[in-house]
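**Student:** Take this structure first; my questions come after.
Derivation of every value follows stated rules applied to the coordinates shown; laboratory data play no part. This is a predicted model, so every value here is computed, not measured.
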Amino acid sequence: MRPVRAVAVALVAALLGLLVWDVAHQTNQGIARKVDKGQTVKAPALRLPRLGGGASFDLAAYRGKVVVLNFWASWCVECKLEAKTLREAAARWRGKAVVIGVDTKDLTYAAKRYMRHYDVNYGVVRDVSGSESDRWGVTGYPETFFVDRSGNVVPPHVEGPIPAGRLNTAIRQALRS
């Protein structure tokens, strides 16, 4: 009976540790949660290095344009499913909206290979540690946020691959807000 108790205690301790970890990581989900409730949220400062080098991306520099922020990773199967949709939207909305891919928790060579394979025609920045992903409340990949011309994150926040119709509708809504 002692081995069964030891296993039970270890299992309870592991579950408790998982619960504590989950609660600790949910505190950063304010943006996604608020937008999911239909709220508009001021976009936090977002400065990240570009994947190809050069000047860092600064979200504040895009005031006056709608910004589509798509958090992704090269190993994400669903990200591959939406790659064509994002590429087409970047071309269609050029001049009015900007698509920015936020490559998260990924290796540089894998991200570059992904970009070549899927013919990515929009800017990609790196969130190597995942700290920005956490701050925005990303819980999986891909996830997409919309920032209006005034620098506010507006609904919808889309988890999973975004269909072209929904992406175009969201960009139109962000342009009107």
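**Student:** Do the alpha carbons of any pairs in Lys42/Lys112; Lys37/Lys112; Lys34/Lys105 sit beyond 27 Å of each other, and which pairs?
**Tutor:** From Lys42/Lys112; Lys37/Lys112; Lys34/Lys105, over 27 Å: Lys42/Lys112; Lys37/Lys112.
**Student:** By the gyration tensor of its Cα atoms, with a ≥ b ≥ c the square roots of the eigenvalues, what is the shape of region 28-176: rounded for a/c under 1.5, prolate for a/b over b/c, or oblate?
**Tutor:** Rounded shape, in that the Cα axes give a/c under 1.5.
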